[in-house]
Amino acid sequence: MKFTNYLSLLAAGSLALASCGKKGAPTATNPGKASSTTGIEYNTDEGMKVTDFKKIPTGPGLVYIEGGRTVLGSQEEDVTNNHDNMERTVTIASFYMDEAEVANIHWLEYLHFIRKDSSEEKYKAALPDTTVWARDLSFNDPYVTYYLRYPGFRYFPVVGVNWLQADSYCAWRTAKVNENLAKGGSSKGGGLFGRKKKKGDTGTSAEGGATVGAAGALADGKGSASIENGNTVPNYRLPTEAEWEYAAQALVGTQEVGNENQEEKRIYPWDGRSTRNPYGKGQGQFLANFKRGRGDYAGIAGSLNDGAMITEYVYAYPPNDYGLYNMAGNVNEWVQDVYRPLSFQDVEDLNPFRRNGVSDESKYYDRKGYQSLIDDHVRVYKGGSWRDVAYYLSPGTRRFMAEDSATSTIGFRCAMINAGANK
């Protein structure tokens, strides 16, 4: 028994030493003065230029999402009989995601700079469709005028934004953050979301967001902003469907340290089968903004359930275990993927993503004959909204809509890769 324990300790010690790597080996932040392969000195007439690199700049508004293995797909009965969200095991690389939905004030900031820096045509193209609130048999007319611009709605999620507009916003945000960095501005805390952030940045565009850098020298005078210099944030972009679902599950909160088995699953972004808080000061309160039943959007006066007839403050409900707010309810959220019903079996099991024109081609779907709604311009949205029943709050549920369409129930948030590290 003692000999067995000794061998176990010896093996553990060897593993720990192996994981430490070679002592004094070059690293990203300390590459040494000369190449370890040619011996040629860096930053000389003959050698390659290697800039100082401490860490990636912090991207405003983002929360770190530690990646890992998980099972994606529906945790509930497939009541819609779409059979498009079967369970499958995948691994998602670590990334960053906005802690809250992009709000009206953020979109108004976007419009401000588009009008200031670009053409009137592009400004008009960036305007949300506020008429999404209009209903023939419902008096929602005041929201058409006030929801986007009235100060009281500043931190309510922006809606009436189609997928193409959301994708363009991500590209603009990347350029603006890097422009601010190039001018010597700080990206720590505050920023687009006006709240102190936990961790930093990092990401490239998967399909939609164009790569946008910032020109000019940084305040420390160590060169222009570029990928090679490491002084820009990678692209803000829409999250992939797999990233979004993984972040919504937030199973990191159920995992025991040192236990590789994932012994608990979640129907919603919180524990249990109920949509109410089971304990604490908020016991009995709803954990998301959704439609409880036919005609019941908020409960009765004096005892409101989720307290929101339409959308709600983007920080209104408790965050999940990654610190993300409203990953269920409030508004659905656009993700990067093109919709296909067989994505669960077609895509790869490492960072799965469905892009245009790859397998399961749109020509096999009869869009012109009105036998299908699927083509290469239809995108997935996730999460459920103020107008949806609890079934759609489950991270595994998925729906789709044309990328140039908008509603009062769909918004979005941005994501970014974790560049150069696994943690």
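Looking at region 68-94, which of its residues are in a loop (DSSP other than H, G, I, E, B), surrounded by fewer than 18 Cβ atoms within 10 Å (Cβ to Cβ) and within 20 Å of the chain's Cα centre (by Cα)? Residues satisfying the conditions are ALA93, SER94. Just one residue in the set LYS33, LYS116, LYS55 is basic (Lys, Arg) and at pLDDT below 90; that residue is LYS55. Within region 327-374, the set of residues being of a type in the set (Lys, Arg) and buried (at least 16 other Cβ atoms within 10 Å of the Cβ) comprises ARG340, ARG354.
For THR27, the conditions (1) surrounded by 11 or more Cβ atoms within 10 Å (Cβ to Cβ); (2) among the β-branched types (Val, Ile, Thr); (3) at pLDDT below 90 are fulfilled apart from (1). Among the residues of region 87-108, not one is of a type in the set (Lys, Arg) and either modelled with pLDDT of 95 or more or within 15 Å of LEU238 (Cβ to Cβ) (or both). Please find, within region 354-388, the residue that is farthest from LEU164 (Cα to Cα) out of those that are at pLDDT 95 or above and of a type in the set (A, V, I, L, M, F, W, C). Going through the qualifying residues, I end up with TRP386. Of all the criteria given as (1) loosely packed, with under 12 Cβ neighbours inside 10 Å; (2) among the aliphatic types (A, V, I, L, M); (3) touching a residue at least 60 places away in the same chain (Cβ under 8 Å), the one not satisfied by ILE56 is (1). Can you pull out every residue in region 279-305 that is surrounded by fewer than 18 Cβ atoms within 10 Å (Cβ to Cβ), among the polar types (S, T, N, Q) and under 26 Å from GLU101 (Cα atoms)? Of everything in region 279-305, those that are surrounded by fewer than 18 Cβ atoms within 10 Å (Cβ to Cβ), among the polar types (S, T, N, Q) and under 26 Å from GLU101 (Cα atoms) turn out to be GLN283, GLN285. When you look at TYR317, is it modelled with pLDDT of 90 or more, assigned to a loop (DSSP other than H, G, I, E, B), aromatic (Phe, Trp, Tyr) and buried (at least 22 other Cβ atoms within 10 Å of the Cβ), yes or no? So TYR317 passes the test. One residue stands out among those in region 206-248 that are farther than 18 Å from ILE92 by Cβ and not in a loop (DSSP other than H, G, I, E, B): the one that is modelled with the highest pLDDT, which is SER224. Going by the structure shown, is ALA421 at pLDDT below 90 and either within 22 Å of THR80 (Cα to Cα) or part of a loop (DSSP other than H, G, I, E, B) (or both)? Criteria met by ALA421.
The values are calculated or read from the model by the stated rules, or taken from the named source; none is laboratory data. These figures come from a predicted structure and were not determined experimentally. Don't worry about glycine lacking a Cβ; one is built from the backbone with ideal geometry, like all the others, and counts go over all protein chains shown.
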